[in-house]
1. If I filter the range 243-251 for residues that are of a type in the set (S, T, N, Q), part of a helix (DSSP H, G or I) and over 23 Å from Ala179 (Cβ atoms), do I get at least one hit?
2. Please verify whether Glu86 is surrounded by fewer than 20 Cβ atoms within 10 Å (Cβ to Cβ), modelled with pLDDT of 80 or more and closer than 28 Å to Ser139 by Cα, treating the condition exactly as stated.
3. Which of (1) closer than 30 Å to Arg15 by Cβ; (2) in contact with a helix residue (DSSP H, G or I) (Cβ under 8 Å, 6 or more places away or on another chain); (3) surrounded by fewer than 21 Cβ atoms within 10 Å (Cβ to Cβ); (4) modelled with pLDDT of 95 or more does Asn156 not meet, given it meets every other one?
4. Cβ-Cβ distance below 8 Å, separation of 6 or more or different chains: which pairs start in the range 144-167 with a residue that is hydroxyl-bearing (Ser, Thr, Tyr) and end on one that is at pLDDT below 95?
5. Here are the criteria: (1) among the β-branched types (Val, Ile, Thr); (2) outside any strand (DSSP E or B); (3) surrounded by 14 or more Cβ atoms within 10 Å (Cβ to Cβ). Tell me which single one Val168 does not satisfy.
6. Would you be able to say whether some residue in the range 122-130 is in a helix (DSSP H, G or I) and either surrounded by fewer than 21 Cβ atoms within 10 Å (Cβ to Cβ) or β-branched (Val, Ile, Thr) (or both)?
7. Please find, within the range 47-79, the residue that is modelled with the highest pLDDT out of those that are within 22 Å of Glu233 (Cα to Cα) and of a type in the set (Phe, Trp, Tyr).
8. State whether the residues of the range 219-235 include one that is in contact with a Phe, Trp or Tyr (Cβ under 7 Å, 6 or more places away or on another chain), in a helix (DSSP H, G or I) and modelled with pLDDT under 95.
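The values are calculated or read from the model by the stated rules, or taken from the named source; none is laboratory data. Note that the structure is a prediction, hence the values are computed from the model and not measured. All Cβ positions, glycine included, derive from the backbone under ideal geometry; neighbour counts span all protein chains shown.
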Amino acid sequence: MFPSSSGPFAPKNVRFVTLADNPHGGICLLASSIFQDDALLEVLAWNYSSTFFDGSTCGAACHGNQGNDNRYGQQKKLHWLEHYVEKTSDLDDDDLVLFTDAWDVVVQASTQRLTELFLKHTQNQRGLIFNGEPTCGDSFNSEGIYGAKLRGKAWNIQVEPNQTPRLVGGNYMCSAIAAKTASNTLVPGPNWSLGSGGILGDVRSLRTFLRRVTEIRVAQEEEFKLHQTFLFEGDQVLFQIAYLTSPEINVKIDTAAEIFFVISYLIGP
């Protein structure tokens with residue numbers, strides 16, 4: 001989708017973005033650390049807000065996880081992020097956006113080095129970098145009925161643009177993620193799996209990737225209406241499927257934690 005370009009990509013501004021349903025003190029620490037580097041933290045949602053700042057809303061899907069519904073609670077950020085990159089008038093396609101969940105993924109790198117590290121990982125091209133984790137997280141290795149349903153489904157994946165898509169069962173998707181990461185990562189490290197708590201990417205790539213994520217989510221919702229199969233819980237599984245089905249987008253994993261560091265223990269099994 002994106003040509004390799006006639007020269008290296010030159011990012012413009014870096015935008016720092018988070019979503020904070022629960023307004024705890026950690027948000028203030030994050031904002032102050034960014035402010036010390038002469039930048040501002042943009043908070044997309046605050047205190048379980050379900051209305052975008054332009055007054056629009058995506059309905060129930062924009063509500064926070066106040067009823068322990070992980071599907072709404074975690075997918076909320078998909079709607080808010082997509083609205084941000086589609087509707088924010090002062091965003092430039094050449095800006096970089098750094099998104100963090102603000103609770104279990106910390107920005108390890110200095111904000112002054114983010115552009116340098118971005119270009120290092122993407123080989124001076126447009127692209128996206130996701131935080132890495134040492135396991136598949138709460139997706140294809142999940143326990144219980146939901147995990148079994150994920151492993152019982154299959155997806156057409158395409159790791160490289162010149163490859164023919166092939167059908168892969170859910171029980172092999174984690175292996176496919178590991179294989180893709182091993183083949184396209186320039187900075188080796190133990191965190192091979194795509195996590196969704198930290199993202200650094202140019203606006204155009206992020207917008208295109210989120211549109212792909214939306215396609216995957218909507219397709220599963222339509223399948224559920226017709227056949228009463230299952231709905232995705234959370235956002236990580238959607239990002240992982242998009243990682244394996246969008247070879248035209250330059251997506252990398254921060255395997256060595258040069259940019260992001262995951263502090264949550266909920267990354268098993």
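1. no
2. Here the answer is yes, as Glu86 does meet what is asked.
3. It fails just one condition, (1).
4. That search, which allows pairs on different chains as well, returns Tyr146/Phe230; Tyr146/Glu233.
5. Exception for Val168: condition (2).
6. Yes, the range 122-130 has at least one match.
7. Ranking the candidates gives Tyr48 first.
8. Yes, because at least one residue in the range 219-235 is in contact with a Phe, Trp or Tyr (Cβ under 7 Å, 6 or more places away or on another chain), in a helix (DSSP H, G or I) and modelled with pLDDT under 95.
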